[in-house]
Each structure stands twice: as C-alpha cells, then as structure tokens.
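The values are calculated or read from the model by the stated rules, or taken from the named source; none is laboratory data. None of these values were measured; they are calculated from a predicted model. Cβ sites come from the backbone with ideal geometry, for glycine too, and all protein chains shown count toward neighbours.
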Amino acid sequence: MLADAFAAERFRLLRDRGALFWGVVFAPAAGLVLSIGGELFARRLMKGAPVIPVDLVGRMVKALAGGASPITGLFVLILAAAVLAGDYRWETWRLLTPRNGRANLLLAKLATAGVAVAASLLLYALLAAVGGLFSAATSGSPFTAYHGEALSDLAGAFAISWLQLMVLVALAAVVGVVTRSTMGALVVGLVFAFAQSIVASQLREPTWKALAIPAFSGDLLKTALLMPHSVTDDPVPWAAALAVLLAWAIGLSAAALALFQRQDLTRE
Amino acid sequence: MSFALEAEGLTKTYGAVRALDDLSLKIPAGGVFGVLGPNGAGKSTLFRIAMGLVRPSSGVARLSGAPAGHASSLRRVGAMIETPRYPPYLTARDALKMLALESGARDVDIDGWLDRVGLTHAADRKTSTFSVGMKQRLGLAAVFFTRPSLAILDEPTSGMDPAGIQEIRELIRRLAAEEGVTIILASHQLDEVRRVCDRVAILSKGKLVAEGPVETLTGQKPALRLVAAPVAQVLELLGDQGRADGPDAVLATIERHEAPALIRALVGAGVDIHEARWREADLESAYLDILQAKEPADAR
C-alpha cells in the first residue's frame with residue numbers, strides 16, 4: 001500500500017542525517033547566519049545610521065519567496081537525489097521492490113521529498129523570523145506591521161516556491177531513474193535550475209514560450225502576488241503560469257513513474 | 001499438486017545475451033528446493049523475474065499461482081537476492097523496521113528476529129560496518145520475519161568463510177523446519193544443497209538440464225558404510241541391501257532410522273563392527289556429469 005511505502009520512506013529519511021542536514025536544514029540555517037552576520041557587519045560600517053523597523057512577516061514572506069532560487073535548489077536536489085536515486089547507489093531496490101508495488105515506492109519517495117521540501121521552506125520562514133527578532137533585540141529596532149495580506153502572502157509564497165522546487169524534485173526522479181545515479185540526478189537538476197533561472201531573468205513579456213519556463217512562471221506568480229502594482233497593466237496570466245508549474249511537476253513525476261515501472265533492476 | 005514457482009517458456013535476453021532460454025520449471029510447494037548451475041546459468045535472473053525486479057522477454061512466471069512480481073503474489077514471499085545490501089545509515093534494527101513498514105507488517109518482533117539470527121549484539125550498529133556474514137544473517141531475518149509461505153534465497157552463503165557457511169546452513173534448516181516455509185535455494189555450494197535440499201534443478205545457459213530428488217540425480221541413496229568382520233556374514237544378513245566396498249567393508253543401502261536396528265542385529269549375530277559411517281550421495285560428481293553431458297550436446 002502507498003501508506004506503508006510512505007511510512008517506510010519517512011522513517012528512512014529521518015535516519016538519513018546527511019540528506020536531512022544538507023537538504024532541509026543547511027540552506028535555511030546558512031541563510032540565518034548570513035543574515036545576522038551581514039546585519040552586524042553593516043551596523044558596524046554604518047554607525048549612526050537610522051534604525052530600520054523590523055517587519056517579521058515581511059521577512060518570512062521574503063524568505064519563502066526566495067526559497068526556490070537555484071542555490072536553494074541545489075540543496076533540495078541533494079535531498080531529492082538521496083531519496084529518489086539512493087536505492088540505485090546502495091543497490092537496495094532488490095530489498096524494497098518485492099515488498100511493495102513499484103508505483104507505491106516511487107510515489108512514496110516523491111511524497112517524502114515533497115514533505116521535506118515543505119519542511120525546509122517552513123524552516124526558512126521560521127529562521128527569517130528568528131533573524132528579525134535578533135535584529136530587533138540587538139539594535140533596539142521597533143517592530144512594524146506587514147503591509148499586505150499576511151496569511152495569503154505567506155501561503156501563496158510558500159505554495160509557489162514549493163511547486164517550483166517540486167519541479168526540480170520530479171526532474172531528479174526522472175534523471176535518477178534513467179541514469180541510476182544520485183550524481184546524475186543532482187548535476188542535471190542543477191544545470192536545469194541555473195539555466196532556467198538565467199533564461200527567465202532575460203525575459204520580460206509573459207509569452208507562452210516564457211511561461212513554459214518554470215522559473216519564469218514561478219517568479220511571475222510571486223511578483224503578481226506580492227507586488228501586484230509592479231507588473232504591467234495587462235492582466236497577469238496567473239492561471240497559465242500555475243498550470244505550467246503543475247504540468248512540469250506532474251508530467252515529470254508521471255514520466256519517472258512510467259520509466260521506473262518498465263525498468264529492469266538487474267544489479268540493484 | 002500446488003507449485004511455489006512455475007516458469008513456462010521463460011526467456012530473458014539482455015542485448016545479445018540470453019540469460020534464460022525458454023525455461024520451463026515447476027517447483028512444488030513444501031520442502032527445500034535447490035537451484036544449481038554455473039555462473040551465468042540464469043538462476044539469479046529466474047529469481048529476479050519471480051520477484052518482479054526484471055521483466056521476462058517472453059514466457060510466464062507464477063508464484064503460488066499468481067503472476068510473478070505482482071503485489072498479490074509477493075505478499076507471502078520473502079526473498080534474498082544475491083548478497084543483501086542496506087542503506088548504510090540504517091542500523092540493523094532500523095533496517096528491519098523500515099522493511100516491516102514497507103511490507104505493512106505491524107506486529108513484527110524485530111528484536112526477537114535479531115536474536116534468532118544472532119545479531120542482538122549488533123542491533124544498533126550501522127549495517128555499513130557489518131561483515132558479509134552479518135549482512136546475510138540480517139537478510140535471512142528480513143526474509144522470514146514477515147512469516148512468508150515461500151522464501152527465495154539466492155546464494156545465501158556466498159562470500160562467507162566455512163564457519164559462516166555452516167552457521168547460515170543451520171539457520172536455514174532451522175527456519176525452514178520451525179516456520180514451515182517452502183524454500184527455494186540457489187547455491188554454488190553443492191554440499192550445502194545436498195544437505196539442505198529435498199529436490200534440485202540444474203540450469204545451464206538459461207535452460208533446465210536436470211530436475212528431481214537429490215537421490216535420483218546422484219543415482220544413489222545415502223548408504224551406511226560398515227567396516228566389519230566377517231564381511232560375508234554382514235552381506236548375508238543384509239541381502240539385497242548390502243554390497244561389498246573393498247575387502248573389509250560393506251555398503252548398506254538402508255534408511256537412516258533403520259541403522260540402530262541393523263547394528264544391534266549385526267552385533268547380536270557376532271559380527272565385529274569397527275566403524276559405521278554414512279556415505280552421502282555425491283551430488284558434485286552428478287552435477288559435473290550432467291553439465292559435461294550437456295556441453296557436447298550443445299556443441300553439436
């Protein structure tokens with residue numbers, strides 16, 4: 001059953017401290033350290049500068065919105081490669097496949113990676129708030145209210161970034177199955193993450209070609225959500241952008257599933 | 001008769017290599033069945049097809065009547081295909097717990113099974129630090145702990161030292177007897193197969209070349225070799241069941257349970273018995289003869 005496979009994968013990931021550290025904890029923690037270090041450094045350089053009020057919710061929304069950058073994608077890919085292609089590396093498919101259906105095994109891995117990605121994003125938001133509290137406590141900055149719909153912005157930024165990262169996870173699944181290699185899943189995913197980010201940054205108009213790039217669609221959705229007045233007067237094709245992200249994530253997952261179900265596990 | 005594993009016209013090709021070549025084989029349920037063959041004979045491929053790891057190019061395989069590899073057929077099957085491997089970050093206890101979760105087995109006595117395979121002392125050690133023998137023993141626990149009706153063991157003693165082989169052999173025999181499981185065992189250790197298995201199939205180049213009870217394949221039953229005097233008196237007492245084996249010995253083709261009564265009878269008749277030892281059927285010679293007989297046939 002899928003629930004059994006999911007429980008097993010969850011249990012297994014919780015024991016894989018390396019994948020958990022690099023894939024879930026490291027990037028948010030490094031973000032916090034850099035934020036605090038940067039702030040202390042800037043304060044030292046600019047003594048007497050006016051105190052900037054701390055917007056805790058704003059910091060959390062910003063952290064969530066930035067949670068799908070290529071750099072954070074790298075760490076998600078480390079986790080995805082470990083979860084989705086680890087059984088090729090360790091030659092442990094022969095231990096698992098006779099105990100559950102192949103579709104269940106791969107879906108459970110995708111779901112487990114999805115939960116881990118969500119946990120990592122939540123950690124980003126939480127540590128961004130911790131950074132804000134540190135800033136307020138050490139500089140005496142006052143708190144200020146968030147100018148916007150806090151709940152919907154938090155949820156929206158979280159959902160869009162999660163979906164963008166799940167495109168990378170699904171890509172890692174396809175490449176992991178095809179190459180039977182964790183390194184293959186990581187490298188191809190990383191190249192894709194950086195390439196789409198660079199291409200998306202060069203594009204302005206939301207044409208179909210531009211929307212087909214997940215990074216462009218994701219950024220467009222986030223801009224429309226968080227800075228609705230900064231985009232053009234034309235209506236934002238948010239439904240199309242959302243459909244593109246979903247199509248990438250679901251399409252790649254389905255491809256991974258189809259390939260895995262037909263694959264001969266001769267060595268693993 | 002019900003069959004644990006059935007193969008009908010099973011063929012598997014990897015590019016130009018034909019790992020299984022129209023293999024048809026029926027392995028009856030109950031007892032311990034050995035699958036023998038040189039490297040590349042197709043044993044592992046047969047097992048991988050049975051467990052759904054590999055898809056056949058043509059033909060059908062069934063486990064207990066259900067299509068091989070299908071979830072319904074795998075539910076009551078445990079398998080150890082080649083040397084078991086585990087995610088290196090898992091301890092022995094965690095590995096079994098993960099496999100229990102994967103199988104949907106809720107009431108598994110993990111510590112009890114670790115004890116049965118002699119790994120209690122290493123329960124919290126990472127499997128990456130395990131020797132081959134320890135991995136094999138953990139693999140056996142993983143095969144049997146969900147109480148399957150069929151266990152497939154592919155080279156369960158490969159890469160082990162003689163003491164480890166002896167230990168695993170005893171363990172398999174004990175688990176088969178205690179759990180009442182049908183066991184299909186592939187091994188290069190012919191002595192192991194002879195001691196453990198009731199029936200044997202011999203594969204060569206993906207084809208079945210011989211199949212039957214060990215005694216039938218070897219062409220001889222185990223015999224009690226008696227060094228006794230006078231030999232003539234022993235032969236007279238044994239009748240058709242006895243034949244001379246050198247000037248001072250007799251081979252008695254009897255069942256094991258008949259041995260004490262025979263020895264009592266011989267001693268009662270005034271025969272001096274200097275030695276009584278079971279001579280086992282020679283599977284190795286039979287195996288090599290069958291394979292050699294197959295080679296010229298293939299060459300033709």
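Observations on the model:
- Residue that is farthest from the other protein chains (Cβ to nearest Cβ) [pool: residues in segment B:92-118 that are closer than 18 Å to A:Asp4 by Cβ and assigned to a loop (DSSP other than H, G, I, E, B)]: B:Asp107
- If you go through segment B:160-188 and pick out every residue that is more than 9 Å from the chain's Cα centre (by Cα) and closer than 26 Å to B:Arg18 by Cα, you end up with 1.
- Meets criteria (touching a residue at least 24 places away in the same chain (Cβ under 8 Å), crowded, with 22+ Cβ neighbours inside 10 Å and either of a type in the set (A, V, I, L, M) or more than 10 Å from every other protein chain (Cβ to nearest Cβ) (or both)) for B:Val77: yes
- Matching option when the condition is closer than 21 Å to A:Phe21 by Cα and among the charged types (D, E, K, R), among A:Lys109, A:Lys62: A:Lys109
- One residue from A:Leu186, A:Leu246 being farther than 20 Å from A:Ile78 by Cα, touching a residue at least 60 places away in the same chain (Cβ under 8 Å) and aliphatic (A, V, I, L, M): A:Leu246
- Qualifying positions in segment B:163-175 - surrounded by fewer than 19 Cβ atoms within 10 Å (Cβ to Cβ) and among the aliphatic types (A, V, I, L, M): B:Ala163
- Every residue from segment B:80-89 that is in a loop (DSSP other than H, G, I, E, B) and either more than 7 Å from chain A (Cβ to nearest Cβ) or touching a strand residue (DSSP E or B) at 6+ places or on another chain (Cβ under 7 Å) (or both): B:Ile81, B:Glu82, B:Thr83, B:Pro88, B:Tyr89
- Given (1) within 14 Å of another protein chain (Cβ to nearest Cβ); (2) surrounded by 16 or more Cβ atoms within 10 Å (Cβ to Cβ), number of the condition A:Glu39 does not satisfy: (1)
- Within segment B:8-28, not a single residue is within 30 Å of B:Thr127 (Cα to Cα), away from every other protein chain (no Cβ under 13 Å), touching a residue at least 24 places away in the same chain (Cβ under 8 Å) and under 19 Å from the mean Cα position of the chain (by Cα).
- Test: residue in segment A:66-73 that is at pLDDT 95 or above, within 18 Å of the chain's Cα centre (by Cα) and of a type in the set (Val, Ile, Thr): no
- Of A:Ala150, A:Ala125, all but one fail to be at pLDDT below 90 and over 30 Å from A:Phe260 (Cα atoms); the exception is A:Ala150.
- Residues in segment B:58-69 that are at negative phi and either within 9 Å of chain A (Cβ to nearest Cβ) or hydrophobic (A, V, I, L, M, F, W, C) (or both): B:Val60, B:Ala61, B:Leu63, B:Ala66, B:Ala68.
- Counting only helices (runs of 4 or more DSSP H) that sit completely within segment B:166-255, those holding 2 or more residues that are among the acidic types (Asp, Glu) correspond to B:190-196.
- Taken over segment A:14-35, the criterion of being under 15 Å from A:Ala119 (Cα atoms) and within 14 Å of chain B (Cβ to nearest Cβ) is satisfied by A:Leu14, A:Arg17, A:Ala19, A:Leu20, A:Phe21, A:Trp22, A:Gly23.
Per-residue answers, yes or no, for (1) closer than 24 Å to B:Ser72 by Cβ; (2) in contact with a Ser or Thr (Cβ under 8 Å, 6 or more places away or on another chain); (3) touching a residue at least 40 places away in the same chain (Cβ under 8 Å):
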{"residue": "A:Ala80", "(1), (2), (3)": "no, no, yes"}
{"residue": "A:Val83", "(1), (2), (3)": "no, yes, yes"}
{"residue": "A:Tyr88", "(1), (2), (3)": "no, yes, yes"}
{"residue": "A:Arg102", "(1), (2), (3)": "yes, no, yes"}
{"residue": "A:Leu106", "(1), (2), (3)": "yes, no, yes"}
{"residue": "A:Lys109", "(1), (2), (3)": "yes, no, yes"}
{"residue": "A:Ala118", "(1), (2), (3)": "no, no, yes"}
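- Pairs are defined by a Cβ separation below 7 Å, a sequence spacing of at least 6 or placement on different chains, a first member in segment A:194-205 that is in contact (Cβ under 8 Å) with a residue 24 or more places away in the chain, and a second member that is assigned to a helix (DSSP H, G or I) and surrounded by 14 or more Cβ atoms within 10 Å (Cβ to Cβ); the pairs so defined are A:Phe194/A:Pro70; A:Ser197/A:Pro70; A:Ser197/A:Ala215.
- Residues of segment B:231-250 satisfying the condition of being surrounded by 12 or more Cβ atoms within 10 Å (Cβ to Cβ), closer than 15 Å to B:Glu275 by Cβ and of a type outside the set (A, V, I, L, M, F, W, C): B:Asp245, B:Asp248
- Candidates are the residues of segment A:13-25 that are in contact (Cβ under 8 Å) with a residue 40 or more places away in the chain and assigned to a helix (DSSP H, G or I); the one that is nearest to B:Leu90 (Cα to Cα) is A:Leu13.
- Selection status of A:Gly67, in a helix (DSSP H, G or I) and either within 13 Å of chain B (Cβ to nearest Cβ) or closer than 19 Å to A:Leu20 by Cα (or both): yes
- Options B:Pro148, B:Pro87: the member that is in contact with a Phe, Trp or Tyr (Cβ under 8 Å, 6 or more places away or on another chain) and surrounded by fewer than 24 Cβ atoms within 10 Å (Cβ to Cβ): B:Pro87
- Conditions (1) touching a residue at least 60 places away in the same chain (Cβ under 8 Å); (2) farther than 28 Å from B:Lys43 by Cα: number failed by B:Gly118: (1)
Yes/no matrix, rows are residues, columns are (1) in contact with a Ser or Thr (Cβ under 7 Å, 6 or more places away or on another chain); (2) among the β-branched types (Val, Ile, Thr); (3) surrounded by fewer than 23 Cβ atoms within 10 Å (Cβ to Cβ); (4) part of a helix (DSSP H, G or I):
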| position | (1), (2), (3), (4) |
| --- | --- |
| A:Ala63 | no, no, no, yes |
| A:Glu91 | no, no, yes, no |
| A:Ala113 | no, no, no, yes |
| A:Gly132 | no, no, yes, yes |
| A:Thr138 | no, yes, yes, yes |
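- Single residue of A:Ala193, A:Ala243 found to be more than 14 Å from every other protein chain (Cβ to nearest Cβ), more than 30 Å from A:Gly101 (Cβ to Cβ) and within 18 Å of the chain's Cα centre (by Cα): A:Ala193
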